[in-house]
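Here is the structure we will look at, set down as structure tokens.
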Amino acid sequence: MLGAILAAVFPFAVSQGPAAGSVADVSALTTGPAGAHGFVRVEGGRLVTAEGELRLSGANLTGPGNFPSKPDAVRLADKLMRFGINAVRLHYMDPVGEYANFMMSGEPCLCAKGTNDLDFAFMPEQLDKLEFLVAELKKRGIYVDLNLHVGRFHNRLGHRKGETLYNPELIASQKEYARRLLNHVNPHTGLAWKDDPAVFLVEIANEDSIFCPFGYENNFIKDADAAFKTFLMETERRYYAEMKRFLKNEVGVKSLVTGSQLCASPFEVQEMFEVTIDNRYWCHPEKAGGPEWTIVDAPLADYANGEWDPLAMMAKEKTADRAFLVTEYGHPYPASYGCETLPLLGAAAVVGGWSGIFPYSFSHRSAPKPEY
């Protein structure tokens, strides 16, 4: 009711963004092109370039959101720059066939349908759209976080998260996907992804861990048989070490590389990377084992530092020698308290010395809203 009243007396559509040249337009704070000062590196637990410390105010593009038409890509890049966004996470581009989420219809992503998820090919038109978008972002000083494996095997018969870390067939397919994509020369920048300093980070696998089927965060590590726990930990560590070696030594990726989020994979595994990452949400809708969605609508501000406070959880994950990024965060709709999301996240990032925050998600669709 309050939301309806406020909308009637004070209409404000965030999706329209600040008008170019207005007081709210902060595009002057983002200087381009991204990568002009060399590849991003880690020093003293912070992201830095030759210009100094780099702090990222990011956004996620999910699935079809990574493939706007070229005119829309220009408008999108301009809009992000006016918002002061200086990094974009390219997320969930890899499903074979179509991507769909909740109530949205399916749209194509990067990979064409083959006989199965292992038999994939990049669709030339989609790859060109993606690379044009990256070039437009780069021009405006907007860095890129490239996600490799997110959902390409999720429809595979019998597949669950975690299998990607030990199944030789799936690992080989992940390597081939990475090799093809990272070696491809973007015709709009003249650089392969692996050689472009605008690509500040490559993520190996989103929220994927051998512990996922066992409930890593449900005290599995604490309660498991020690020998079995050690076996799983070493298996997971071996996978991420091999993927890191492959990307750096065989493919020749010059940007930073990280593994997976700490909400899924143990720090004892992820500590091999210079950058650690995590995804957290407050009051995320859940099915809880049944067909109906359960939605809790509560302000995080009233539960600060409580057992399930996502910001307090992440505050414990920043270490002195590693940069830390929040690659997904949100108080998902429907929520009456969404206005608290960014102020609380931003405050936590400043206090905690985090290097970047990426609210989830700016867009899931290829065709932007009319307000663009």
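Laboratory data are not the source of any read-out in this text; all were calculated from the coordinates shown. Only a predicted model underlies this, so the values are computations on that prediction, with no experimental measurement involved. Quick reminder, even Gly has a Cβ in these numbers, built from the backbone with ideal geometry, and neighbours come from all protein chains shown.
Taking each residue as 0.36 nm, the span from residue 31 to residue 125 lengthens on full extension beyond its C-alpha to C-alpha distance by 30.9 nm. Pairs of alpha carbons in the range 293-360 separated by more than 14 Å make up 59% of all such pairs. Shown in residue order for the range 346-355 are the 3J(HN,Hα) couplings computed by the Karplus curve 6.51 cos²θ - 1.76 cosθ + 1.60 at θ = phi - 60°: x, 5, 5, 5, 5, 5, x, x, 6, 8 Hz (x for Gly and Pro).
In plain terms, the chain from residue 231 to residue 301 could stretch by 21.2 nm, reckoned as 0.36 nm per residue minus the Cα-Cα distance. When the chain is treated as a Gaussian network with alpha carbon springs shorter than 10 Å, the biggest mean-square fluctuation among 314, 272, 243 belongs to 272. Between 181, 130, 344, the GNM of the chain built on Cα springs shorter than 10 angstrom shows 344 fluctuating the most. In summary, the chain shows an alpha-carbon radius of gyration equal to 0.97 times the 2.2 N^0.38 Å reference for compact globular proteins.
When all alpha carbon pairs of the range 16-166 are counted in 10 Å bins from zero, the resulting P(r) reads 10, 33, 31, 20, 5, 0 %. Seen from all directions on average, the range 256-372 presents a Cα convex hull projection of 9.7 nm². Across 162, 306, 45, mean-square fluctuation computed from a Gaussian network of the chain (C-alpha pairs under 10 Å connected) peaks at 306. Across the chain, the longest piece that holds none of the GluC sites (Glu not before Pro) lying in DSSP loops with up to 12 other C-beta atoms within 10 Å covers 52-291. Which distance in Å, rounded to a whole number, links the C-alpha centroids of the range 176-192 and the range 226-296? Taking the Cα centre of the range 226-296 as reference, the centre of the range 176-192 is 25 Å away. Other residues whose C-beta falls under 10 angstrom from the C-beta of residue 236 contribute a net charge of -1, scoring Lys and Arg +1 and Asp and Glu -1.
What you get for the chain, charging only the Cβ of Lys and Arg (+1) and of Asp and Glu (-1), is a dipole of about 780 debye around the Cα centre.
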